[in-house]
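The values are calculated or read from the model by the stated rules, or taken from the named source; none is laboratory data. Note that the structure is a prediction, hence the values are computed from the model and not measured. Virtual Cβ from ideal backbone geometry, glycine too; neighbours counted across all protein chains shown. To get the accessible areas, we keep the full protein, side chains included, count just its heavy atoms, and leave off ligands, DNA and RNA. Shrake-Rupley method; radii C 1.70, N 1.55, O 1.52, S 1.80 Å.
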Amino acid sequence: MKITLLQTDIAWANPEENIAHAEALLEKAQASDLLVMPEMWATGFAVAPKGIAEEEGNSMALRWMTQTTRTRNCAICGSLAIKDLDGSYRNRHYFVTPEGIAHYYDKHHLFRHGHEDREFTAGKEAVIVQWMGWRILLQTCYDLRFPVFSRYGRAGCFDAIIYVANWPEKRQLAWDTLLRARAIENQCYVVGVNRVGKDPACNYAGGSVVVDPIGHTMAECPEGEQSATLDIDIERLREMRRHFRVLDDRDTELLQCRS
């Protein structure tokens, strides 16, 4: 499967301008099977979403994602600030296919330190999407700090994890380190796409990357607004798992702690 990372700057609360940013990157990118964009790529990390989040049934950004999958015959994923039909706000990670199917995962670990939990509603389930024979676990930003959520009861049930993020520059070392940890411990490919630029709260340095199941960097966008395209090989993954059977010894139940 060929993947393109779209590491964008994000204009605050301006979906139209952010779509233009994405289009400009796509004009230079190779054709691929899957395009991956950052967290809240259409608005910036809007922890106060009133007047910024788009309504589920009337989202310019989601319409663009759907149209792009059809014109480019590929899937596309990235998260949006969404006002759901029930009035709740969701940080919704969409995975849209050329058939017009919009799978989604609502971010489970809301970023309490940045007050995301005050107005957004957390998702209650993990989501694995099937695409081109791959099983892909969708995750969003702060989820990266919680390895049990990506592993317990599901390790071996997916082939790749996609993290979309607005991860600030001051914690860049954690981003770089934890992406590799998630790949190694789950014996899977990890795709992490972060933004660049700045918003009212933080500066962002990108560092978008694809990591293989043993922790090696396969492609990256070190800095600035740019894209990167690469192929990942599911047969290589399966052979690695057959040869070094770490997942056979994974924890399948939580143990009691004795002190």
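Conditions tested, residue by residue: (1) in contact with an Asp or Glu (Cβ under 8 Å, 6 or more places away or on another chain); (2) at pLDDT 95 or above.
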site: Gln172; (1), (2): no, yes
site: Arg180; (1), (2): no, yes
site: Gly207; (1), (2): yes, yes
site: Asp212; (1), (2): no, yes
site: Thr217; (1), (2): no, yes
site: Leu230; (1), (2): no, yes
site: Glu235; (1), (2): no, yes
site: Arg245; (1), (2): no, no
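Ser150 satisfies every condition listed in (1) at pLDDT 95 or above; (2) touching a strand residue (DSSP E or B) at 6+ places or on another chain (Cβ under 8 Å) except (1). Taken over region 195-208, the criterion of being in contact (Cβ under 8 Å) with a residue 60 or more places away in the chain, within 16 Å of Met37 (Cβ to Cβ) and either among the small types (Gly, Ala, Ser) or in a strand (DSSP E or B) (or both) is satisfied by Val196, Gly197, Gly206, Ser208.
Here is a yes/no grid of residues against (1) over 22 Å from Ala160 (Cβ atoms); (2) outside any loop (DSSP other than H, G, I, E, B); (3) open to solvent by 70 Å² or more (accessible area, probe 1.4 Å):
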site: Ile19; (1), (2), (3): yes, yes, no
site: Val47; (1), (2), (3): yes, no, no
site: Gly51; (1), (2), (3): yes, no, yes
site: Gly57; (1), (2), (3): yes, yes, yes
site: Ala81; (1), (2), (3): yes, yes, no
site: Ala126; (1), (2), (3): no, no, no
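In region 83-101, of all residues being farther than 23 Å from Leu144 by Cα and open to solvent by less than 40 Å² (accessible area, probe 1.4 Å), the one that is farthest from the chain's Cα centre (by Cα) corresponds to Gly87. Among the residues making up region 215-236, those that are open to solvent by 90 Å² or more (accessible area, probe 1.4 Å) and assigned to a loop (DSSP other than H, G, I, E, B) are His216, Glu223.
In region 30-40, which residues are open to solvent by 20 Å² or more (accessible area, probe 1.4 Å) and under 15 Å from Thr71 (Cβ atoms)? Passing the criteria: Ala31, Asp33.
Keeping to region 237-250, report how many residues are part of a helix (DSSP H, G or I), without any contact (Cβ under 8 Å) to a residue 12 or more places away in the chain and of a type in the set (Lys, Arg). Please lay out each step first, then the result.
Quick first cut of region 237-250, residues part of a helix (DSSP H, G or I) only: 237-243, 246-249.
If we keep only those that are without any contact (Cβ under 8 Å) to a residue 12 or more places away in the chain too, we end up with 238-239, 242-243, 248-249.
Subset that is of a type in the set (Lys, Arg): 238, 242.
Going through region 237-250 one residue at a time, the tally reaches 2.
None of Trp175, Trp167 is in contact with a Cys (Cβ under 8 Å, 6 or more places away or on another chain) and either touching a residue at least 12 places away in the same chain (Cβ under 8 Å) or surrounded by 14 or more Cβ atoms within 10 Å (Cβ to Cβ) (or both) except Trp167.
From the set of residues in region 202-214 that are farther than 11 Å from Ala183 by Cα and among the aliphatic types (A, V, I, L, M), which is least open to solvent (accessible area, probe 1.4 Å)? Here the answer is Val209.
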